[in-house]
Amino acid sequence: MTTTQPDMATLITQLTLAEKAALCTGASPWRTVPIERLGIPSMIVADGPHGLRRSTDVDSMITESYPAICFPVAAALSASWNTDLLYEMGQALADEAIALNTDILLGPGMNIKRSPLCGRNFEYFSEDPLLSGEMSAALVNGIQSKGVGTSVKHFAVNNQETRRFTVDAILDERTLREIYLRGFEIAVEKSQPWTIMCAYNSVNGEFCAQNHTLLTDILRDEWRYQGFVMSDWGAVWDRVASLQAGLELEMPGPSSERTQAVIDAVESGELDEAILNQAVERLLTIIFRAAETPKGQTELNIQADHALARKVASECMVLLKNDNDLLPLSGDENLAVIGKAAVTPGYQGGGSSHINATQVDKPLDFLRERAELHYAEGDTTVEHNQLAIDEAIAIATDADVAVLFIALPPSVESEGFDRPHMRLTDQQVALIKAVATANDKTVVILNNGAAVDMHDWIDAVDAVIEAWLPGQAGAGAIVDMLYGHVNPSGKLGETFPLALEHTPAHLTFPGERDTVHYGEGIFVGYRGYEASKRRVLFPFGYGLSYTTFEYSNLRVSQEKFTLNDALTIQVDITNTGAVAGKEIVQLYVHDVESALPRPYKELKAFTKVALEVGETKTVTLELKDRAFMYYDPTYAQWLAESGTFELLVGSSSADIHLRHTITLTQGTPLPVILTGKSTVTEWMANPRAAQFIQPILSVFGESGGDPGALGVDMSEFFKDLPVIKLLAFLGDNLEQSPDAIVAGWLSEIHAES
């Protein structure tokens with residue numbers, strides 16, 4: 001069906017109250033309510049985000065899904081740091097959605113990886129909001145460029161599966177804005193997803209499905225979001241309250257009880273019908289937009305999409321270790337291939353994103369085409385299976401190279417529950433150690449969706465490839481990398497810690513009963529490890545290559561700038577190795593001095609560049625005002641302070657190659673916010689206010705910081721004292737009350753400003 005946008009105002013007047021209420025609740029688990037008499041079609045949605053889980057029966061909650069391409073999961077995609085690649089993948093997903101008669105793909109997922117234990121981390125991009133936002137926007141733009149919608153999820157602060165329906169995430173406003181909302185904000189700004197899906201959990205005491213602050217104040221009023229908000233499946237507790245908060249579509253349906261609740265609320269005056277009309281208009285706008293693209297009239301391009309899935313996987317894999325340049329293999333080696341994941345690959349996680357893959361390649365099949373080998377399972381489901389380990393040792397002893405395929409058990413990484421720990425199974429650890437002892441050229445290939453503990457065995461092996469959950473074509477990509485047909489170019493989108501207890505959220509994850517306190521604040525991921533000076537196993541942004549790169553000649557468009565300027569940063573990158581390769585250039589910003597604590601550095605721009613041997617390219621990165629700002633809850637806004645900023649360009653968060661200092665000449669203009677409770681330091685920071693405070697300090701013997709009557713530096717002694725308390729210490733020497741004096745001072749300050 002192809003249609004055009006009708007006149008919405010007229011159409012809404014033609015709808016009955018019952019029809020409007022029905023439109024705001026699904027007709028079934030996977031489609032919206034059609035109104036045939038007015039030509040309003042049904043819109044079909046399907047799970048994603050790294051493939052299409054299109055149900056064969058849109059009116060059934062639990063049913064088979066059509067075969068579709070399973071691409072690498074988001075944890076892998078983020079490691080590509082390649083927005084162009086995600087755009088291309090998005091277009092392929094849209095083509096599949098069109099072929100399988102699907103209007104909205106439910107994804108991508110972009111919640112922040114607060115802890116490596118979150119069971120759904122494989123579906124999420126990164127611990128960093130910029131990387132998450134940019135990758136999400138690219139994927140959304142690719143999908144929506146072909147007339148298929150997306151539903152970015154889960155809005156917001158959905159960072160664990162434990163008690164996900166009821167847990168209340170408690171966090172301060174600054175942490176909410178800088179870490180947990182920023183990625184969503186980038187996605188809205190750069191791609192305007194057709195829909196946004198709310199999360200199950202509460203945020204600061206209010207369920208996301210009925211959280212007016214999130215859904216209206218921030219999403220609509222501040223970010224100017226134009227699409228509609230749908231619930232996660234079963235997230236709504238109070239349908240009327242959710243409509244009032246800004247949630248247009250409740251899923252799944254049908255629910256005559258929910259529809260009737262809306263009708264009753266309008267008729268009783270509890271719900272203003274104008275709110276319902278607005279919700280209906282937002283829904284209909286997207287429903288008719290989706291109908292503009294004909295669906296179900298094309299076929300899946302399975303061969304081309306499978307090839308693309310392999311290409312995508314090739315850019316996602318991260319070479320974590322390569323001692324003695326063991327990799328790439330020459331092709332002449334006799335191999336011992338060990339691990340059941342070589343035959344039954346770990347290629348996706350469990351839950352609503354589970355794709356019915358059109359085919360699944362096996363690494364062992366590809367290796368048999370290239371090498372003489374022997375295979376042993378080794379990694380069995382039975383723990384402490386020494387016989388299986390002995391079989392692996394036997395083939396490893398006689399091989400030139402041992403290649404271990406290690407996948408986390410499918411029961412470990414899934415929607416619905418969190419991981420209990422970061423460890424591999426005891427059998428896997430014992431297997432790796434035994435094989436590494438038997439063969440001094442051992443490669444470990446990991447299939448997992450989040451960081452794993454490697455401390456027991458990492459020093460014993462020569463090479464480690466983080467292959468993630470690489471989708472149905474991952475096997476070919478792994479073997480391409482082993483033999484150097486693909487030069488590894490992925491870099492971690494999350495920090496791999498040395499131990500779980502080192503993670504910034506360790507003491508509070510996953511909370512107590514139905515409450516979780518985000519006590520680490522803004523210091524998530526690399527921000528937290530750097531602030532606490534924790535060593536890590538592999539830092540954020542890290543990844544090796546078969547070639548080497550040189551960074552040089554950093555220059556900026558302006559040494560001094562204002563917030564209205566768009567800064568251009570250029571760096572020359574040279575491939576100084578023996579093979580072609582791709583480098584990910586990362587630009588971090590360090591605020592040298594700020595009123596509020598800030599992470600030492602934060603990622604603010606990145607790009608991926610391909611270089612032939614000996615080739616030099618100039619990469620260009622741009623920074624706008626937000627790159628220098630933080631969110632100040634006192635002023636309830638983003639702001640930047642004038643002063644010095646350091647630009648840090650590197651190949652990871654821990655490997656900075658070039659530095660350059662620039663100066664912001666004028667910060668964000670701010671109103672004077674001083675009260676009697678403001679500290680001496682805060683008053684002294686304002687030149688006009690300091691004129692009132694300086695004489696008072698002198699009374700107590702403060703003069704240039706010299707010790708006063710108390711034998712201490714009075715400027716330090718009083719710096720955190722509320723001004724009204726400072727005045728109170730003068731007692732009867734005051735001609736007016738401290739309150740009256742402060743009120744007079746403030747009146748003069750505000751009059752002059």
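Tabulated data
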quantity: Residue within the stretch 357-365 that is touching a residue at least 60 places away in the same chain (Cβ under 8 Å) and either farther than 30 Å from A68 by Cβ or small (G, A, S) (or both) present; calculated: yes
quantity: Selection within the stretch 440-459 - closer than 15 Å to F405 by Cα, open to solvent by 10 Å² or more (accessible area, probe 1.4 Å) and not in a loop (DSSP other than H, G, I, E, B); calculated: I458
quantity: Within the stretch 465-492, tally of residues that are out of contact with any Gly (no Cβ under 8 Å at 6 or more places or on another chain) and either open to solvent by 10 Å² or more (accessible area, probe 1.4 Å) or not in a strand (DSSP E or B) (or both); calculated: 15
quantity: Scan of the stretch 523-543 for residues that are in contact with a helix residue (DSSP H, G or I) (Cβ under 6 Å, 6 or more places away or on another chain) and either open to solvent by less than 10 Å² (accessible area, probe 1.4 Å) or more than 16 Å from H590 (Cα to Cα) (or both), ordered by number; calculated: V524, R534, V536, F540
quantity: Hey, G253 touching a residue at least 12 places away in the same chain (Cβ under 8 Å) and more than 23 Å from the chain's Cα centre (by Cα) or not; calculated: yes
quantity: Count of the stretch 370-388 residues which are surrounded by fewer than 13 Cβ atoms within 10 Å (Cβ to Cβ) and within 38 Å of the chain's Cα centre (by Cα); calculated: 4
quantity: Check on R310, under 27 Å from P6 (Cα atoms) and modelled with pLDDT of 95 or more; calculated: no
quantity: Qualifying residues in the stretch 416-427 (those that are without any contact (Cβ under 8 Å) to a residue 60 or more places away in the chain and of a type outside the set (K, R)) - the one surrounded by the fewest Cβ atoms within 10 Å (Cβ to Cβ); calculated: D426
quantity: Sole residue being among the hydroxyl-bearing types (S, T, Y), modelled with pLDDT of 95 or more, touching a Cys at 6+ places or on another chain (Cβ under 9 Å) and surrounded by 24 or more Cβ atoms within 10 Å (Cβ to Cβ), chosen from S136, S132, S151, S80; calculated: S80
quantity: Matching residues, the stretch 24-65, being touching a helix residue (DSSP H, G or I) at 6+ places or on another chain (Cβ under 9 Å), under 19 Å from A97 (Cα atoms) and of a type in the set (S, T, Y); calculated: T32, S42
quantity: Qualifying positions in the stretch 161-190 - over 16 Å from G205 (Cβ atoms) and open to solvent by 10 Å² or more (accessible area, probe 1.4 Å); calculated: T162, R164, R174, R177, E178, R182, E185, E189, K190
quantity: Selection within the stretch 575-594 - under 16 Å from E178 (Cα atoms) and either touching a residue at least 60 places away in the same chain (Cβ under 8 Å) or of a type in the set (D, E) (or both); calculated: Y588, D591
quantity: Failed condition for G296, given (1) in contact with a Ser or Thr (Cβ under 7 Å, 6 or more places away or on another chain); (2) modelled with pLDDT under 95; (3) of a type in the set (G, A, S); calculated: (1)
quantity: Lone unmet requirement of (1) in contact with a Phe, Trp or Tyr (Cβ under 9 Å, 6 or more places away or on another chain); (2) surrounded by 20 or more Cβ atoms within 10 Å (Cβ to Cβ); (3) not hydroxyl-bearing (S, T, Y) for D462; calculated: (1)
quantity: Residues (open to solvent by 10 Å² or more (accessible area, probe 1.4 Å) and of a type in the set (A, V, I, L, M, F, W, C)) located in the stretch 493-511; calculated: L498, A499, L500, L507, F509
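The values are calculated or read from the model by the stated rules, or taken from the named source; none is laboratory data. Every value quoted in this text rests on a predicted model; they were computed, and no experiment measured them. No Cβ is skipped: glycine too gets one built from the backbone with ideal geometry, and neighbour counts run over all protein chains shown. To get the accessible areas, we keep the full protein, side chains included, count just its heavy atoms, and leave off ligands, DNA and RNA. Shrake-Rupley method; radii C 1.70, N 1.55, O 1.52, S 1.80 Å.
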